[in-house]
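The values are calculated or read from the model by the stated rules, or taken from the named source; none is laboratory data. Treat the numbers as computed from the prediction; the structure is a model and nothing was measured. Glycine also receives a Cβ, built like all others from the backbone with ideal geometry; neighbour counts cover every protein chain displayed. Surface accessibility is based on the protein's heavy atoms, side chains included, excluding ligands, DNA and RNA. Shrake-Rupley method; radii C 1.70, N 1.55, O 1.52, S 1.80 Å.
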Amino acid sequence: MPPKIARELWRDLISVLFDAQPTGASNDDFFVGLDAWLVDGVGFASMQASPHRFNRSRNKIARDGMDGYLLQFYTDGESQDWNGRYSARKGDLYVLDMARPISTATNPHSHIDIVVPRRLLAPLLKQPDDSHELVLDANLPLVNLLRSTASCYLQNLSRFSVGEAQASLAPLLGLAAAAINGSITEDNSSAVDTALLARIRQYIDLRIFDPSLSLEGALGAFGVSRRTLYRLFEPFGGFQSYVRKRRLDLARRALQTGHMQSLSISEIAEMHGFSSPELFARSFRKQFGLTPREMRFHADGGIRDMENTGQHELWSRWVIDIGR
């Protein structure tokens, strides 16, 4: 599509939200990419674009009657008020009230957007009518948590079922309210806990083979109190218990995997963060009721038996493969 036509088409498409004016020196400097989804009335988008000026005047607000909030995270570039009163930079949470005038200018940028009807978010906010043009620093813990959770949500929207997308929406909005309010309340604490626990579990999985993985490291990485971490991992028997069980589950899979047969039990123990084969054996037997050697023996026999099984026993082969 010729750049001039693409530019005018884009201005027409985005006009449902803003009067947009690309500010490149020529039509050839213009570019924009946009992916968007709608979940129960909440809009989500991921956008990349050349420099723009965006305007939402009182006349436009009166014409379209849109009543909600736009939450933005710039993943590259930044946005500034036309009058230079504020800037929203990479990672900041930028909150706009769509029922209030907006005039911003951007450099080349990319961002993720959440457009939330007022009826869904306002009841969760301490000051629902005083959140316009709010810029919250990227390094604030709740902003950081919301940014990573929203990014993950958008990345998975194309794979979610409708039910999964809907079920995940309320916790996400609760977390957004906590970030905007700057505090955790009884109404949003569950959403914050769910998102925080998911982040910490991801942190653990990325370091599960590192012997130095520790509770103190997680406390420092997430800036939470020891009490909070204990509470989050209480259903799993505690932080250390969760880490040990995850390592043992991975070690069990290694023992049951054919291409790991060349590794000794001691090597598998060390690989999975255990300081000694004896500690590994005791922990393994306590969790699975078998020693690592016995688990390998039974798995090896199951693999050989499966190779000798006829086609008529396909169901049995499927059962053997469960969990591998």
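Observations on the structure shown:
- If you check ALA165, ALA218, ALA191 for being open to solvent by less than 60 Å² (accessible area, probe 1.4 Å) and over 21 Å from ASP40 (Cα atoms), only one passes: ALA218.
- Top-ranked residue in the range 129-149 [being touching a helix residue (DSSP H, G or I) at 6+ places or on another chain (Cβ under 9 Å) and closer than 17 Å to SER79 by Cβ; ranked as most open to solvent (accessible area, probe 1.4 Å)]: ASP137
- Of all residues in the range 257-274, none satisfies being on the phi > 0 side of the Ramachandran plot and open to solvent by 50 Å² or more (accessible area, probe 1.4 Å).
- Look at the range 49-62: where a residue is part of a loop (DSSP other than H, G, I, E, B) and a partner is of a type in the set (D, E, K, R), sitting 6+ places away or on another chain with Cβ atoms under 9 Å, you get SER50/ASP29; PRO51/ASP29; SER57/ASP19.
- Count of residues meeting criterion [in a strand (DSSP E or B) and either farther than 23 Å from PHE31 by Cα or of a type in the set (S, T, N, Q) (or both)] in the range 63-92: 7
- Enumeration of residues in the range 1-23 that are in a loop (DSSP other than H, G, I, E, B), within 32 Å of the chain's Cα centre (by Cα) and surrounded by 12 or more Cβ atoms within 10 Å (Cβ to Cβ): SER15, LEU17, PHE18
- Qualifying residue in the range 93-107 (condition: assigned to a loop (DSSP other than H, G, I, E, B), surrounded by fewer than 20 Cβ atoms within 10 Å (Cβ to Cβ), in contact with a His (Cβ under 7 Å, 6 or more places away or on another chain) and basic (Lys, Arg)): yes
- Test: residue in the range 115-124 that is surrounded by 18 or more Cβ atoms within 10 Å (Cβ to Cβ) and farther than 20 Å from LEU17 by Cα: yes
- Of the numbered criteria (1) on the phi > 0 side of the Ramachandran plot; (2) open to solvent by 20 Å² or more (accessible area, probe 1.4 Å), the one ILE61 fails is (1).
- Residues that are open to solvent by 40 Å² or more (accessible area, probe 1.4 Å), touching a residue at least 40 places away in the same chain (Cβ under 8 Å), over 26 Å from LEU157 (Cα atoms) and of a type outside the set (Asp, Glu) are absent from the range 35-46.
- Filter result (of a type outside the set (A, V, I, L, M, F, W, C), at pLDDT 75 or above and open to solvent by 90 Å² or more (accessible area, probe 1.4 Å)) within the range 275-315: SER275, GLU278, ARG282, ARG285, LYS286, ARG293, HIS298
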